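Here's the structure, in structure tokens; my notes come after.
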Amino acid sequence: MAITTCVFDAYGTLFDVAAAARQAASEPDFAAIKDSWPQVAEHWRQKQLGYSWLRAVTGAHDDFWQVTQNGLDWALAKTGHDNDPALRERLLALYWELQAFPEVPKMLKTLKEAGLNTAILSNGSPAMLDGAVSSAGLGDRLDAVLSVESVGVFKPHPKVYELVGQRFDCATSEVLFVSSNGWDAAAATGFGFTTAWVNRAGEPMDRLPWQPAHVLQDLNGIPELAGV
């Protein structure tokens, strides 16, 4: 069955999660992380994801914004910057206006012009996602922004992937699901989607029961995978 619907993870896939720390490090007021910002960004992302998984398996769901703050607090403590409330405030503010990767606007425009459905499916809260989409100017290129908040559990729970069919009334075989997280793309494969893992960092494949159908270095190849 032909692809009718292209669904994207948000953070790390459409939006550069390292952008907040990189931007702060370039500002004179936050020169303290000039050299350590890559470590801050990496620890922040890993703890953000790890805390979401722990909350999913224990049933202790909370808004992704709270999880994001918890992850940052751990990252700042790990890198020795936990006594800098101004830095924390700036990093959190920047997270609401993350930059989209350079190829994203054109890629989404190509899909839309071809008549495909386009959507985000993310752990992010609705408010966070609205902020990111608005800041990146992508609102007119997305048909839906789907948040896990409507089901109260984080990825990779199947309830999250079910949101796509509920929104677009499409079969799983009609969906191309794209994520920068190998585990996310793998779980979506197990759910029945055609999947693409955007492996920008050249990471090894996760050892899971399923594997992404496609592995790309960036999002430029998505229209071709969708049959455009």
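The values are calculated or read from the model by the stated rules, or taken from the named source; none is laboratory data. Keep in mind the model is a prediction, meaning the values are calculated, not measured. We place every Cβ from the backbone using ideal geometry, glycine too, and count neighbours over all the protein chains shown. Surface accessibility is based on the protein's heavy atoms, side chains included, excluding ligands, DNA and RNA. Shrake-Rupley method; radii C 1.70, N 1.55, O 1.52, S 1.80 Å.
Odds and ends about this structure:
- Calculated [222 nm] ellipticity per residue, helices only, for the chain: -13500 deg cm²/dmol; basis is -39500 (n - 2.57) per DSSP H run with n ≥ 4, divided by all residues, nearest 500.
- Spatially close lysines, pair count over the chain: Cα under 28 Å, gap of eight or more or interchain: 10
- Beyond 16 Å, the tail of the calculated P(r) for the stretch 119-181 holds 46 percent of the Cα pairs.
- The length gained by stretching the chain between residue 31 and residue 200 to full extension, at 0.36 nm per residue less their Cα-Cα distance, is 58.1 nm.
- Linear extension gain, residue 84 paired with residue 54, 0.36 nm per residue minus alpha-carbon span: 8.1 nm
- Measuring nothing but protein heavy atoms, the accessible surface of the stretch 86-228 at 1.4 Å probe radius is 47 percent carbon and sulfur.
- The value given for the stretch 105-225 is a Kirkwood hydrodynamic radius of 14.9 Å, derived from the mean inverse Cα-Cα separation.
- If you sort the three axes of the alpha carbon gyration tensor as a ≥ b ≥ c, you get a/c of 1.5 or more for the stretch 62-173 and a/b no higher than b/c, which makes it oblate.
- When you work out D = kT/(6 pi eta Rh) for the stretch 1-59 at 10 °C and 1.306 mPa s, using the Kirkwood radius from C-alpha pairs as Rh and the Stokes-Einstein form, the result is 116 µm²/s.
- Highest mean packing first, where packing is the average number of other Cβ atoms within 10 Å per residue, the peptides 217-224, 98-105, 58-65 line up as 98-105, 217-224, 58-65.
- The shape of the chain can be summarised by an equivalent ellipsoid whose semi-axes, obtained from the alpha carbon gyration tensor, come to 29, 19, 16 Å from longest to shortest.
- Portion, in percent, of the accessible area of the stretch 1-53 that falls on carbon or sulfur, probe 1.4 Å: 55
- Among 4, 40, 18 - extreme Cα towards positive end, dipole of the stretch 1-59, charges at beta-carbon: 4
- Charge dipole magnitude, Cβ of K and R +1, D and E -1 - the stretch 1-74, Cα centre, debye nearest 20: 180
- In terms of the mean number of neighbouring beta-carbon atoms within 10 Å, the peptides 3-13, 75-85 order highest first as 3-13, 75-85.
- For the chain, the solvent-accessible area works out to 45 Å² per residue, with a probe of 1.4 Å and every protein chain left in place.
- Counted by Cβ distance under 14 Å from residue 82, the other residues give a net charge of 0, where Lys and Arg count +1 and Asp and Glu count -1.
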